[in-house]
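See below for the structure under consideration.
The values are calculated or read from the model by the stated rules, or taken from the named source; none is laboratory data. Values in this document were obtained by computation on a predicted structure and should not be read as measured data. Cβ coordinates were reconstructed from backbone atoms using ideal geometry, including for glycine residues, and neighbour counts include every protein chain displayed. Side chains are part of the model used for accessible areas, which takes the heavy atoms of the whole protein and leaves out ligands, DNA and RNA. Shrake-Rupley method; radii C 1.70, N 1.55, O 1.52, S 1.80 Å.
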Amino acid sequence: MKKIITYGTYDLLHYGHINLLQRAKALGDYLIVALSTDEFNWDSKQKKCYFTYEQRKRLLESVRYVDLVIPEENWEQKINDVKEFKIDTFVMGDDWAGKFDFLKEYCDVVYLPRTPEISTTQIKNDLK
Ligand code: C2G
């Protein structure tokens with residue numbers, strides 16, 4: 001069974017996120033999403049989520065491409081996650097291109113093109 005992992009905040013879940021999750025799942029058989037906790041978002045990413053971790057987790061768990069949601073609590077957990085869950089491929093949108101190449105020692109690393117026209121920030125601005 002080929003296992004894939006990806007990380008993110010996934011606040012105000014939108015079709016750009018779904019495009020990423022669909023393509024990530026297509027690379028294997030089992031997709032884990034490491035979802036940024038509210039604390040990690042606030043302390044390390046300066047992101048204030050609209051939905052709480054539990055709400056964002058519930059939304060992701062209802063997406064057909066997602067098999068498991070785990071918490072992302074810090075920047076340092078990725079190597080351990082890849083080992084612990086026996087990950088074959090690490091996937092991120094290409095806004096992160098190159099940033100996680102250190103993981104190539106442990107698994108394949110794939111950066112997928114983002115869906116250009118949509119973002120959570122864009123949604124918030126449009127709704128203002
Ligand atoms: N994404 C995308 N297209 C968009 C918006 C997002 O492909 N229009 C992708 C991002 O590239 C990322 C995933 O969807 O792979 C989740 O996006 P965010 O929630 O913005 O993730 P981010 O805050 O960048 O967190 O340790 C890594 C971080 O947790 C990544």
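Sparse packing (at most 14 other Cβ atoms within 10 Å of the Cβ) combined with a DSSP loop state is found for the following chymotrypsin sites (Phe, Trp or Tyr not before Pro) in region 1-82: Y50, W75.
All Cα-Cα separations within the chain were binned at 10 Å from zero, giving a P(r) of 13, 45, 36, 5, 0, each value a whole percent of the pairs. Sparse packing (at most 12 other Cβ atoms within 10 Å of the Cβ) combined with a DSSP loop state is found for the following trypsin sites (Lys or Arg not before Pro) in region 31-68: K48, R64. Among the protein heavy atoms, those of T121 account for about 90 Å² of accessible surface (1.4 Å probe, every chain in place). Can you give me the relative contact order of the chain as a percent, contacts being Cα pairs under 8 Å and 6 or more apart? Reported relative contact order: 30 percent.
With both labels modelled 7 Å from their Cα along Cα-to-Cβ, the K47 to F102 distance reads 2.0 nm. What is the percent carbon and sulfur in the accessible area of the chain, measuring with a 1.4 Å probe over the protein chains and ignoring ligands? Result for the chain: 52 percent of the exposed heavy-atom area is carbon or sulfur. Pairing the Cα long axis of helix 15-25 with the longest principal axis of the chain, what angle in degrees results, from 0 to 90 and rounded to the nearest 10? It is inclined by approximately 10 degrees.
Think of a 1.4 Å ball rolled over the protein heavy atoms: the chain then has 57 Å² of accessible area per residue. Extension gain, D126 to N74, is 15.7 nm, computed as 0.36 nm per intervening residue step minus the present C-alpha separation.
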